[in-house]
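Asker: Quick one: structure below, then a few questions.
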Amino acid sequence: MTDLATFRSETRAWLEANCPPEMRAPVRSDKDICWGGRNPDFQPGQREWLEAMASRGWTVPDWPTEYGGGGLSPAEAKALREEMAALHCRNPLNSFGISMLGPALLKYGTEEQKLDHLPKIARGEIRWCQGYSEPNAGSDLASLAASAEDAGDHYIVNGQKVWTSYADKADWIFCLVRTSKESKQGGISFVLFDMASEGVSTKPILLISGYSPFCETFMDNVRVPKANRIYDENKGWDVAKYLLGHEREMISGMGLASAGGGNPLIEGAIAAVGLDANGRLADPLLRASIAMFEVRARAFGAMSERFIDELKAGRAHPAQPSMMKYYGTELNKARHELQMAAGGSDALEWESGASNGGAAARAWLRTKANSIEGGTSEIQLNIVAKRILDLPA
Amino acid sequence: MPLYLDDQQTMLRDTARDFIAEHAPPSHLRALRDANDPTGFSRDLWKQFAEMGFTGIRIPEAQSGMGLGHVEAGVVLEEIGRNLSPSPFLTTAVAAVEALRGTAHADRYYPGILAGDTIAALAIDERAKFGDGISLTAQRSGNGFRLSGTKQFVAHAHVADLILVAARTSGAESDQDGVTLFAVDSKTAAPDIRPERLADSSLASRITFADLQLDADSVVGEVDNGREVLNRLLAAGRSGASAELLGVGGGAMDLTVAYLKERKQFGQTIGSFQALQHRAAHLYAEMEVARAAVLKAQQLLDAGSALAGQAVAVAKAMTGLATTLSVQEGVQMHGGIGMTDEYDIGFYMKRARVLAEMFGDANYHADALARESGY
Ligand SMILES: Cc1cc2nc3c(=O)[nH]c(=O)nc-3n(C[C@H](O)[C@H](O)[C@H](O)COP(=O)(O)OP(=O)(O)OC[C@H]3O[C@@H](n4cnc5c(N)ncnc54)[C@H](O)[C@@H]3O)c2cc1C
C-alpha cells in the first residue's frame with residue numbers, strides 16, 4: 001500500500017472508532033453547531049468529538065503541529081476530508097478563529113503571537129468575533145472610523161462596530177481600527193483584544209430569523225496593548241484583505257451543505273409531496289426545479305474540490321475566493337428557497353415541536369445573509385470583473 | 001488526484017491549443033461553410049490530427065495508440081470547441097474507439113483511425129430528443145442479422161467508413177436488455193443515408209435501414225447485452241461533448257470580454273458599465289463551475305469509479321447550461337454586430353446548440369440524476 005492509502009485506511013478506522021454516533025447525524029439547527037469558547041454550550045457528543053479531533057490536531061489538519069495543527073500534507077488533508085464525508089462526520093468545531101484569524105496569524109503574526117493564540121484556536125478554547133463593519137463602513141469598509149490613539153505601549157480605542165456576529169458570546173475580537181487619518185486604506189491597523197476588557201459592551205440585534213446572533217459593539221476608552229497589533233501599524237488593510245479571502249472561502253463552502261449525510265432538500269420534498277406510481281416526485285415542476293438545482297450544486301461541489309486543490313498547491317487566482325463566495329452563497333439561498341417550497345405550510349411553522357422550533361424557516365431566512373456578509377454578491381462580482389476579467393474601472 | 005491538469009496534460013493542452021488555433025480556427029469553418037463543402041470537414045486536417053497522434057489518443061499503446069485517458073481526450077476537444085473546428089474527432093477517436101475497446105473490431109478499425117483514414121459515425125438517436133428507448137430492430141437471419149428502422153442526427157454518416165448502430169434484438173422499445181450494438185462497414189453494407197445540413201453548417205444524416213443484411217461478426221460485444229457497450233460509448237461521448245462545449249463557451253466568453261474592453265459608447269469602454277461587468281463575472285463563474293464538473297467526470301471515468309456515471313450527467317448538463325448562457329450573453333453584449341454573419345459569435349451560438357442537444361440535453365441529464373437519486 002502507498003503511504004497515502006495507509007493513511008486513508010487508518011484514518012477511516014480511527015474515525016469509525018472515535019466519531020460519536022450523534023456527530024454523524026445531519027445538522028438540523030443552529031444548536032447542532034459546536035463553537036467552543038470559554039463558556040461552551042455542548043450538546044451530547046460534541047465535547048468528546050471536539051476533544052478527540054483536537055488531540056490529533058485535526059480541527060486544523062493542515063496547520064503545523066507546533067501550533068496545534070495536524071501537520072498533514074495537502075493530499076492527506078484531502079483524504080481526511082473525504083473520509084469524514086464518507087462517514088458523514090460533522091465538523092468538530094466551527095470557528096472564526098480557524099477560518100479567518102488563524103490564516104492571517106500564520107501569515108502576519110509574530111512567533112509569539114502565533115504560539116499564544118493558534119493552539120487555543122485549534123482546541124476551541126477561545127471563541128472569536130470579527131470587528132470590521134461600522135454603521136458608515138459596510139461595503140466601503142476602508143472608510144471605517146473607530147479610532148486607536150497611541151498611548152505608549154498601548155492604544156486607547158474608541159468607536160462603534162456593527163453586525164458583529166456573536167459578539168455577545170465571543171471571548172476575543174479581531175478588530176480594524178484607524179491609527180491615521182492621512183490615508184483611507186493606509187491608516188488602518190489590525191488589533192486583537194479580550195471582550196472582557198474594560199470599556200467593551202455589546203447589544204444584540206434581532207434578525208428576521210427571530211434570532212439575534214449579532215450585535216452592535218461599543219468601545220469606550222478600551223486599552224489595547226500594542227503587542228496585540230498584528231503586522232505593522234497602518235498596514236492592517238493588508239491583513240484585513242487576506243483574512244477576507246479566507247472568510248469568503250469559508251462562506252462559499254456553505255452552499256454544499258449536507259455535512260452529516262443525506263440530502264435534506266430531496267428527503268424533505270419526498271416527505272412533503274410524495275412519489276407517484278413511477279417513483280417520481282408527485283409535483284413535476286418542483287421535481288424539475290430540484291433536479292436543475294442539483295446539477296449546479298454537484299457541479300459546484302466539483303468546483304469546491306478543485307478550488308481547494310488549487311489553493312493548497314498555490315495555483316488559485318487570488319481573486320478566486322470572490323467567485324466561490326458569490327456562486328456558493330447564491331446556490332445556498334436557492335437551496336433553501338426550494339426547501340421552503342417543498343415543505344409548504346409545514347415548513348412555515350415557527351415554534352412548533354414538529355418543526356423543530358421553526359428550523360427550516362429560520363435557516364431559510366438566515367441564508368439571505370450569505371450574499372451580504374463577508375462582502376455582498378455585488379462586491380464579489382466587482383472584484384471578479386476587475387481582477388480576473390480585467391475589465392476597465 | 002488533484003482536480004487540475006498535471007504538467008503532462010498541460011503540455012498536451014498547449015500543443016493542441018497552438019496546433020488547432022493555427023490550422024483550424026473559426027475562419028476554417030467559415031471557409032468550408034462558404035464553399036458549401038459536401039464533406040463537412042477537411043480530410044487533410046484529419047490526416048494532420050493523425051500525424052500529431054491525436055486520433056490515437058484513446059487507443060491503447062499495445063495497439064500503437066497513445067494510451068491516454070478521458071482527461072487528455074477532453075483537453076484536445078476543448079481546443080476543438082474553442083476554435084469551432086469541424087472534425088470527426090469526437091465520434092471517431094473518442095466514442096467509437098471506446099465502443100470497440102477490447103473487441104475483435106478494435107484490431108480491424110484502430111489502424112485506420114490511427115492513420116487518419118477511417119471515419120466513424122454513431123447511429124443511436126431515433127427521435128428529435130435523445131432517449132433511452134431503441135426500436136430499430138435486428139432480426140436473426142441466415143448467419144447474421146437484418147436491420148430495419150431509422151436513425152437520425154448521425155454526424156459524419158455520409159462519409160463514414162464505420163457506422164455503429166444500436167439495435168433491438170429482443171424485448172420492447174423501452175427495455176434495457178435486448179439491445180445489441182452493430183458495426184456497419186460501409187464498404188460491405190449500404191443503408192440509405194440522407195445528409196442534412198444543420199444550423200451550425202455541420203452535416204448529420206437521417207438513415208433508413210430497410211432489411212439491411214449484416215454478418216454475425218458485425219456484433220460489437222454480446223448479442224442482447226449491448227447496453228453495457230452503449231453506455232461506455234455514451235459516457236465517452238458525453239464527457240467528450242462536455243469538454244467541447246466548454247471550449248465553445250470559453251471561446252465565446254473570450255470574444256465577449258475582449259469586445260467589452262474595446263467597444264466605446266457614451267465616451268467610455270462598455271466594459272466599465274457595472275451592469276455588463278456583473279453579467280460577465282457571473283458568466284465567468286458559470287463557466288468555471290462547468291469546467292470543474294467536466295474534469296471531475298473525466299477523472300472518475302479514467303479511475304473506473306462507480307460514481308462516474310452521475311458525474312458525467314452533471315458535466316453534460318452543466319456545460320449545456322453554462323455554454324448556452326455564454327453564447328446568449330455573447331450575442332447580446334456584442335449588440336448589432338453580434339447578429340451579423342460576418343462576426344464569429346453567431347457561429348459559437350450555433351455550435352453550442354448542436355452540442356447541447358447531442359447525447360441528451362441538460363433536461364435529460366437532470367432527469368436521469370433525479371431518477372438515480374430516487375425522486
Ligand atoms: C448575518 C451577517 C453577519 C455579519 N457578520 C459580521 C461580522 O461578524 N463582523 C463584521 O464586521 N461584519 C459582519 N457583517 C457585515 C457585512 O460584512 C456587511 O453587512 C456587508 O459588508 C455589507 O455592508 P452594508 O450592510 O453596510 O451594506 P451596504 O454597503 O450599505 O450595501 C447596500 C447595497 O448596496 C450594494 N452596493 C454597495 N456598494 C456597491 C458597489 N460598489 N457596487 C455595487 N453595489 C454596491 C450592496 O451590494 C448592497 O446590495 C455581517 C452581516 C450579516 C448580514
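Asker: Taking the alpha-carbon distance from A:Lys78 and a cut-off under 18 Å, which lysines remain once sequence neighbours fewer than 8 residues away in the same chain are dropped?
Answerer: List returned: A:Lys312, B:Lys296.
Asker: Let me ask something else about it. Please check: in the Gaussian network model of chain B (C-alpha springs, under 10 Å), which one of B:Thr55, B:Thr319, B:Thr340 has the largest mean-square fluctuation.
Answerer: Among B:Thr55, B:Thr319, B:Thr340, the largest GNM mean-square fluctuation belongs to B:Thr340.
Asker: In whole Å, how far is the Cα centre of the stretch A:58-133 from that of the stretch B:220-243?
Answerer: Centre-to-centre distance over Cα atoms comes out at 45 Å.
Asker: I would also like to ask the following. Given points 7 Å out from each Cα along the Cα-Cβ axis, report the A:Ser197 to A:Asp346 separation in nanometres with one decimal.
Answerer: 5.0 nm
Asker: Between the stretch B:128-148 and the stretch B:311-375, how many Å separate their Cα centres?
Answerer: A separation of 31 Å, based on Cα centres.
Asker: At what distance in angstrom do the alpha carbon centres of the stretch A:260-284 and the stretch B:1-64 lie from each other?
Answerer: Value for the Cα centre distance between the two parts: 45 Å.
Asker: Rolling a 1.4 angstrom probe over the protein chains, ignoring ligands and nucleic acids, what is the accessible area of B:Thr150 in square angstrom, nearest 10?
Answerer: Solvent-accessible area, nearest 10 Å²: 80 Å².
Asker: Could you order A:Glu76, B:Glu228, A:Glu134 by accessible surface area, starting with the largest, using a probe radius of 1.4 Å? Don't jump to the answer; show the numbers that get you there.
Answerer: On the way: A:Glu76 55, B:Glu228 125, A:Glu134 15 Å².
So, going from the largest accessible area down, we get B:Glu228, A:Glu76, A:Glu134.
Asker: Okay, next question. Using unit Cβ charges (K, R positive; D, E negative) and no other charged atoms, how large, in debye to the nearest 20, is the dipole of the protein assembly as shown about its Cα centre? If you can, show how the numbers build up before the last one.
Answerer: Working: 77 positive and 97 negative charges, 193 e Å.
I would put it at about 920 debye.
Asker: Please list, in order along the stretch A:84-92, the HN-Hα scalar couplings obtained from phi with the Karplus expression 6.51 cos²θ - 1.76 cosθ + 1.60 (θ = phi - 60°), rounded to whole Hz, x for Gly and Pro.
Answerer: Couplings: 4, 5, 4, 8, 6, 6, 6, 4, x Hz.
Asker: Counting only the heavy atoms of the protein chains, how much of B:Phe347 is accessible to a 1.4 Å probe, in Å² to the nearest 10?
Answerer: It works out to around 10 Å².
Asker: Taking a cut-off of 24 Å between Cα atoms, list the lysines near B:Lys261, but don't count ones fewer than 8 places away on the same chain.
Answerer: Of all the lysines, those that pass the test against B:Lys261 - Cα under 24 Å, at least 8 places apart if same chain - are A:Lys386.
Asker: In the stretch B:283-375, which GluC sites (Glu not before Pro) are in a loop and have at most 13 other Cβ atoms within 10 Å, using DSSP for the loop call? Before the final figure, lay out the partial values.
Answerer: On the way: sites: B:Glu286, B:Glu288, B:Glu329, B:Glu342, B:Glu357, B:Glu372; in loops: B:Glu342.
Loop-located and lightly packed - B:Glu342.
Asker: Given the convex hull over the Cα atoms of the stretch A:156-235, what projected area results after averaging over all orientations, in nm²? Intermediate results must be reported in sequence, preceding the final value.
Answerer: On the way: hull surface 22.3 nm².
That works out to 5.6 nm².
Asker: Give me the one-decimal nm value for the distance between modelled label points at B:Asp224 and B:Asp6, 7 Å along each residue's Cα-to-Cβ direction.
Answerer: 4.3 nm
Asker: Another question, if that's okay. Picking from B:Ala128, B:Ala311, B:Ala99, which is most flexible by a Gaussian network model of chain B using Cα springs under 10 Å?
Answerer: With Cα springs under 10 Å in chain B, the top fluctuation among B:Ala128, B:Ala311, B:Ala99 is at B:Ala128.
Asker: How high is the relative contact order of the stretch B:164-228, in percent, with contacts defined as C-alpha pairs under 8 Å that are six or more residues apart?
Answerer: 41 percent
Asker: How many nm separate the modelled label positions at B:Glu22 and B:Asp192, each set 7 Å beyond the Cα in the direction of the Cβ?
Answerer: Going from the B:Glu22 label point to the B:Asp192 one covers 4.7 nm.
Asker: Starting from the Cα of A:Lys169, draw a straight line to each of the lysines and keep only those under 29 Å, dropping any in the same chain fewer than 8 residues away.
Answerer: Partners within reach: A:Lys31, A:Lys107, A:Lys114, A:Lys120, A:Lys161, A:Lys203, A:Lys226, A:Lys235, A:Lys241, A:Lys325, A:Lys333, A:Lys368.
Asker: On to the next question. Among the trypsin sites (Lys or Arg not before Pro) within the stretch A:155-211, which fall in a DSSP loop and have no more than 11 other Cβ atoms within 10 Å of their own Cβ? Present the calculation step by step, with values, prior to reporting the outcome.
Answerer: Values: sites: A:Lys161, A:Lys169, A:Arg178, A:Lys181, A:Lys184; in loops: A:Lys169, A:Lys181, A:Lys184.
Listed in order of number, the matching sites are A:Lys181.
Asker: Given H placed on each backbone N at 1.01 Å, which residues far from A:Gly131 in sequence or on other chains put an amide H within less than 5 Å of it?
Answerer: Here A:Phe174, A:Cys175, A:Leu176 satisfy the definition.
Asker: Let me ask another. When only C-alpha pairs under 8 Å and at least 6 residues apart count, what is the relative contact order of the stretch A:125-232, in percent? Before the final figure, lay out each step's value.
Answerer: Numbers: 259 pairs, mean separation 32.4, N = 108.
Once divided by the residue count of the stretch A:125-232, the mean separation gives 30 percent.
Asker: So how exposed is B:Tyr4, as accessible area in Å² (1.4 Å probe, rounded to 10)?
Answerer: About 40 Å², rounded to the nearest 10.
Asker: Something else about it: Does anyone have the angle between helix B:274-302 and the longest principal axis of chain B? Alpha-carbon axes, 0 to 90°, nearest 10?
Answerer: Its long axis makes an angle of about 30 degrees.
Asker: For chain B, what is the mean residue ellipticity at 222 nm derived from helices alone (per DSSP H run of n ≥ 4: -39500 (n - 2.57); sum divided by total residues; nearest 500 deg cm²/dmol)?
Answerer: Working: 11 runs with 180 residues, N = 375.
The per-residue figure over chain B is -16000 deg cm²/dmol.
Asker: Please give the average number of partner chain Cβ atoms lying within 10 Å of the Cβ of each residue in A:286-295, rounded to a whole number.
Answerer: On the way: counts 1, 4, 4, 1, 5, 12, 8, 1, 8, 15.
Mean number of neighbouring Cβ atoms from other chains: 6.
Asker: May I pose another question? Give the long-range amide H neighbours of A:Val200: residues separated by 5 or more places, or on another chain, with amide H under 5 Å away, using H modelled in the peptide plane at 1.01 Å from N.
Answerer: A:Asp220
Asker: Counting only heavy atoms of protein chains, what accessible area per residue, in Å², does the protein assembly as shown have with a probe of 1.4 Å? All intermediate terms of the calculation are to be shown ahead of the outcome.
Answerer: Details: 31700 Å² over 768 residues.
Solvent-accessible surface per residue comes out at 41 Å².
Asker: Could you work out the relative contact order of chain B, using alpha carbon pairs under 8 angstrom and six or more residues apart, expressed as a whole percent?
Answerer: Details: 697 pairs, mean separation 60.6, N = 375.
Computed value for chain B: 16 percent relative contact order.
Asker: Rounded to whole Hz and in sequence order, give me ³J(HN,Hα) for the stretch B:39-48 from the Karplus expression 6.51 cos²θ - 1.76 cosθ + 1.60, θ = phi - 60°, writing x for Gly and Pro.
Answerer: The phi angles translate into 7, x, 7, 9, 4, 4, 5, 4, 4, 5 Hz.
Asker: Among A:Glu216, A:Glu51, A:Glu112, which one shows the biggest mean-square fluctuation in a GNM of chain A, springs joining Cα atoms closer than 10 Å?
Answerer: In this elastic network of chain A, the residue with the biggest mean-square fluctuation among A:Glu216, A:Glu51, A:Glu112 is A:Glu112.
Asker: Carbon and sulfur atoms: what percent of the 1.4 Å accessible area of the stretch B:1-135 do they account for?
Answerer: Details: 2610 of 5170 Å².
That fraction is 51 percent.
Asker: Name the longest site-free stretch of chain B, where the excluded sites are trypsin sites (Lys or Arg not before Pro) in a DSSP loop with no more than 12 other beta-carbon atoms within 10 Å.
Answerer: Values: sites that count: B:Arg127, B:Lys129, B:Lys187.
Answer - B:188-375.
Asker: Here is a further query. Just checking the output field for B:272-279: average partner chain Cβ neighbours within 10 Å of each residue's Cβ?
Answerer: Values: counts 5, 2, 5, 0, 2, 9, 8, 2.
Rounded to a whole number, the mean comes out at 4.
Asker: Loop only per DSSP, at most 10 neighbouring Cβ atoms within 10 Å: give me the GluC sites (Glu not before Pro) in the stretch B:77-166, ordered by residue number. Write out the running numbers ahead of the final one.
Answerer: Values: sites: B:Glu78, B:Glu79, B:Glu98, B:Glu126; in loops: B:Glu126.
For GluC sites (Glu not before Pro) across the stretch B:77-166 that sit outside H, G, I, E and B with at most 10 neighbouring Cβ atoms in 10 Å, the list is empty.
Asker: Treat every Asp and Glu Cβ in chain A as -1 and every Lys and Arg Cβ as +1, leave all other atoms uncharged, and give the resulting dipole magnitude about the Cα centre to the nearest 20 debye. All intermediate terms of the calculation are to be shown ahead of the outcome.
Answerer: Numbers: 43 positive and 50 negative charges, 124 e Å.
Computed charge dipole of chain A: roughly 600 debye.
Asker: Looking at B:Gln139, B:Gly116, B:Ala106, which one has the Cα that reaches farthest to the positive end of the dipole of the stretch B:88-141 (charges on Cβ: Lys, Arg +1; Asp, Glu -1)?
Answerer: Checked the options; the winner is B:Gln139.
Asker: Nearest 0.05, what FRET efficiency do A:Phe42 and A:Ala85 give at R0 = 22 Å with Cβ-Cβ as r? Let's see the in-between values first.
Answerer: Values: r = 23 Å, r/R0 = 1.06.
It comes out at approximately 0.40.
Asker: Please report, in whole Å, how far the alpha carbons of the protein assembly as shown spread along each principal axis, starting with the longest.
Answerer: Dimensions of the protein assembly as shown along the principal axes of its Cα atoms: 97, 62, 52 Å.
Asker: Where the only charges are on Cβ atoms (+1 Lys, Arg; -1 Asp, Glu), what is the dipole of the stretch B:187-295 about its Cα centre, to the nearest 20 debye? Don't skip to the answer; put the middle values down first.
Answerer: Values: 12 positive and 14 negative charges, 154 e Å.
So the dipole magnitude of the stretch B:187-295 works out to roughly 740 debye.
Asker: Also, I was wondering about something else. I'd like the carbon and sulfur percentage of the solvent accessible area for chain A, probe radius 1.4 Å, heavy atoms only, ligands and nucleic acids excluded. Could the numbers behind the result be given before it?
Answerer: Numbers: 8990 of 17380 Å².
It is 52 percent, rounded to a whole number.
The values are calculated or read from the model by the stated rules, or taken from the named source; none is laboratory data. Bear in mind that the values here come from a model prediction, so they are computed numbers and not experimental data. Positions of Cβ are backbone-derived with ideal geometry, glycine not excepted, and every protein chain shown enters the neighbour counts. Remember, those area values only see protein heavy atoms, side chains included, never the ligands or the DNA or RNA. Shrake-Rupley method; radii C 1.70, N 1.55, O 1.52, S 1.80 Å.
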